[in-house]
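Throughout, read-outs are computed from the coordinates displayed, never taken from laboratory work. These numbers were taken from a predicted model, which means no experiment stands behind them. Positions of Cβ are generated from backbone atoms using ideal geometry, with glycine treated the same way; all protein chains shown enter the neighbour counts.
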Amino acid sequence: MPLTFDDLLLRARSLVRADRRAILGIAGSPGAGKTTLAETLVRELNAGGEPWVAHVPMDGFHLADVELDRLGLRDRKGAPGTFDAAGYAALLGRLRGREDDGIVYAPGFERVLEQPIAGAVPVAPTARLVVTEGNYLLLDTGAWTRVRRQLDEVWFCELDERERIRRLVARHEEFGKGHKEAVAWVLGTDQRNADLVAATRDRADLIVPATAPAGRQAVS
């Protein structure tokens, strides 16, 4: 039987334990639909009651452009070495801790500016499940290995390659790149990152075929 969105909701709910907050990770290549899946899960799980699920994207841990310039990595923006992976792992560890510590603030990412924004994502003490998403949750090198240890499960969001590239080009154009520049970036820097992410697919707990979820439709 095809995997349905109701199946995903049930599986996400099953991660929560009485003694601690659970964290669900959603991985996948750039443009595969990770954010859409995460936002839809959070919205549906929180529907009709007091919010108990929070969304904390990995993108807030992008290094600022000024630091990428200092490191000579501006043209590799989005690669594993252009994120504060250790800081991300530390935040996830804090989120798994005691719920009576008050609000935990995570950084966000402003796509128009393409810059991280400190303290933009509040996680209330009442959140029992955190959904986090990003490219490199399953990477097994450097500080990324500490990220995976903080996650109860990681789902891998997968999309037809031609559609993924089309969406990614459209996203870059939406946020200011010309068409030729967007295509060059997607087929260059983004594709190198996508190939690296695709190699981590087999480490996921669940593969989610990416017809973008909507309501109760099947996702395969």
(request) Averaging sequence separations of C-alpha pairs under 8 Å and six or more residues apart, then dividing by the length of segment 1-145, give the relative contact order as a whole percent. (result) 37
(request) State the percent of C-alpha pairs, over all pairs in segment 1-114, separated by a distance greater than 20 angstrom. (result) 52
(request) Could you rank the peptides 103-115, 15-27 by their average count of other C-beta atoms within 10 Å per residue, with the highest value first? (result) 15-27, 103-115
(message) Between Glu39 and Ala199, what is the label-point separation in nm under the 7 Å Cα-to-beta-carbon projection?
(response) 3.1
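Which peptide among 150-157, 86-93 comes first, and what is the full order, when sorted by highest mean count of other Cβ atoms within 10 Å?
With the highest mean Cβ count within 10 Å placed first, the list reads 150-157, 86-93.
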